[in-house]
1. At a temperature of 25 °C and a viscosity of 0.890 mPa s, determine how fast the chain diffuses translationally according to Stokes-Einstein, using the Kirkwood radius over alpha-carbon pairs as Rh; express D in µm²/s, rounded to the nearest whole number.
2. With each label point set 7 Å from Cα along the Cα-Cβ vector, what nm distance links GLN37 and ARG118?
3. Subtracting the Cα-Cα distance from 0.36 nm times the residue separation, let me have the gained length for HIS17 to SER29 in nm, one decimal.
4. Can you give me the relative contact order of the chain as a percent, contacts being Cα pairs under 8 Å and 6 or more apart?
5. By the scheme Lys and Arg +1, Asp and Glu -1, what is the net charge of all other residues having a beta-carbon under 15 Å from that of ALA79?
6. Given H placed 1.01 Å from N in the peptide plane, which residues other than close sequence neighbours of ASN6 have an amide H under 5 Å from its amide H?
7. For every other residue with a beta carbon closer than 9 angstrom to the beta carbon of ASP110, add +1 if it is Lys or Arg and -1 if Asp or Glu, then tell me the sum.
8. Assuming R0 = 35 Å, what is the FRET efficiency of GLN10 and GLN103, from their Cβ-Cβ distance, to the nearest 0.05?
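What follows is calculated from the coordinates using simple rules that are stated; it is not laboratory data. For clarity, every value in this text was computed on a predicted model and none was experimentally measured. Cβ placement follows ideal geometry from the backbone for every residue including glycine, while neighbour counts extend to all protein chains displayed.
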Amino acid sequence: LFMDLNGMKQINDELGHEAGDRALDDMASAMKQTFRQEDVLGRLGGDEFVAILRGVAEPSGRALAGRLEAALEATNAAAGRPLPLTASIGMAIRLAGETTSLQTLLSAADARMYEVKRERKSGTHLSRA
């Protein structure tokens, strides 16, 4: 899964970089709550995050993306944020026996994440990775 926080520029510009840092920390916490201990989680830089999930089929990946969105909603409610923390999430799958490289998977998930971001901005986004 490739994830990008929505509205980070607005958070930094309107609330300050300290609020932006808290948003990044809250995203990391939501990811830790959502994913399994054996999953590889990381921040690629800026407001981009990745989760590499082994042995997870597409429906389960979509369910995990939904759980992450729910964890962010719960974080927003608990923190009383003036600007809600949301993420656009893209998913790419490598089936057993395929030899797709990690870089190719990340690029595909990144491309899908940008599709989701465009859909969200145009109002056509349905919660799907």
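1. Numbers: Rh = 15.0 Å.
Translational diffusion coefficient: 163 µm²/s.
2. 4.2
3. Difference between extended and current length: 2.5 nm.
4. Numbers: 151 pairs, mean separation 42.1, N = 129.
In percent, rounded to a whole number, it is 33.
5. Working: positive: ARG22, ARG81; negative: GLU18, ASP21, ASP25, ASP26, GLU73.
After counting each charged neighbour, the total is -3.
6. Residues meeting the amide H criterion: THR86, ALA87, SER88.
7. Values: positive: ARG112; negative: ASP4, GLU48.
So the environment of ASP110 carries a net charge of -1.
8. Values: r = 31 Å, r/R0 = 0.88.
The computed FRET efficiency comes out at 0.70.
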